[in-house]
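Chemist: This is the structure I want to talk about, given as structure tokens.
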Amino acid sequence: MTKPTPIRRRVARPSNAHGTTLIEVLVAALLLAIGLLSMAGIQASAVRLTKEAEFKSTAVEISSAFGEYLKANVGGVGAYTVNSGAFAIDPEAQDIPGDCNGAGLACTPAEIAAEDLARVQELARTRLPSGQIVSNVVLGAAGQSDSIDFWVMWLPPESRSGEANVDNQITSRCPPNYDTAGLDVQCQYFRIVP
């Protein structure tokens with residue numbers, strides 16, 4: 001009789017491992033997810049900051065238009081005061097008189113100033129979210145020109161949804177003693193000398 005042949009078993013031998021384990025794959029997926037979430041946060045911040053820069057640029061354009069109106073009506077500088085005293089979330093449209101728009105029309109400097117202010121208020125209202133303006137005449141001392149303290153104000157869209165912007169430097173640029181009703185109103189201040 002012949003002897004049965006023993007069955008050979010394969011024994012796992014340590015060798016150079018090829019491939020990855022499940023734990024390594026999970027760690028890599030976790031790191032990838034953290035990286036992607038960070039990128040999404042950076043993207044959201046970039047969009048918000050771009051919008052803020054756009055609003056500030058628009059405020060500069062509005063103040064420039066206001067300055068041009070002032071230079072064209074130097075005799076009426078004292079009439080360029082507008083201050084509602086409180087911020088309105090949805091400001092009403094301005095009726096622009098239009099009586100001083102043509103050549104040869106006899107308008108007083110105060111009438112020209114009223115029309116100019118209505119134009120600038122409407123420009124702020126249509127170009128900025130809840131856009132408004134405040135201007136105060138600062139009388140110059142003897143021998144000095146009068147100047148105008150001018151603020152362009154707006155309410156950022158994220159403030160309407162309840163998310164507050166904590167940039168107190170922007171809010172502190174609002175007109176003194178002006179009621180912002182606890183809203184996160186952003187203000188840009190300009191001093192204009194016609």
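Read-outs throughout are calculated quantities, based only on the coordinates presented, and are distinct from any laboratory measurement. Please read these numbers as outputs of a predicted model, since none were measured by experiment. As a convention, Cβ positions derive from the backbone with ideal geometry for all residues, glycine included, and neighbour counts pool all protein chains shown.
Chemist: Separation between the THR21 and ASP99 pseudo-spin-labels, each 7 Å from Cα along Cα→Cβ, expressed in nm?
Modeler: About 8.8 nm, to one decimal.
Chemist: Given R₀ = 45 Å, FRET efficiency for ALA28-THR50 by Cβ-Cβ distance, to 0.05? Let's see the in-between values first.
Modeler: Values: r = 33 Å, r/R0 = 0.73.
FRET efficiency, ALA28 to THR50: 0.85.
Chemist: Does the range 44-96 classify as rounded, prolate or oblate by the C-alpha gyration tensor (a ≥ b ≥ c root eigenvalues; a/c under 1.5 gives rounded; else a/b over b/c gives prolate, otherwise oblate)? Intermediate results must be reported in sequence, preceding the final value.
Modeler: Numbers: a/c = 3.11, a/b = 1.66, b/c = 1.88.
Oblate, since a/c reaches 1.5 and b/c is not below a/b.
Chemist: Please list 3J(HN,Hα) in residue order for the range 24-34, calculated via the Karplus relation 6.51 cos²θ - 1.76 cosθ + 1.60 where θ = phi - 60°; whole Hz, with x for glycine and proline.
Modeler: Karplus-based 3J(HN,Hα) across the range 24-34 equals 4, 5, 5, 5, 5, 5, 4, 4, 5, 5, 4 Hz.
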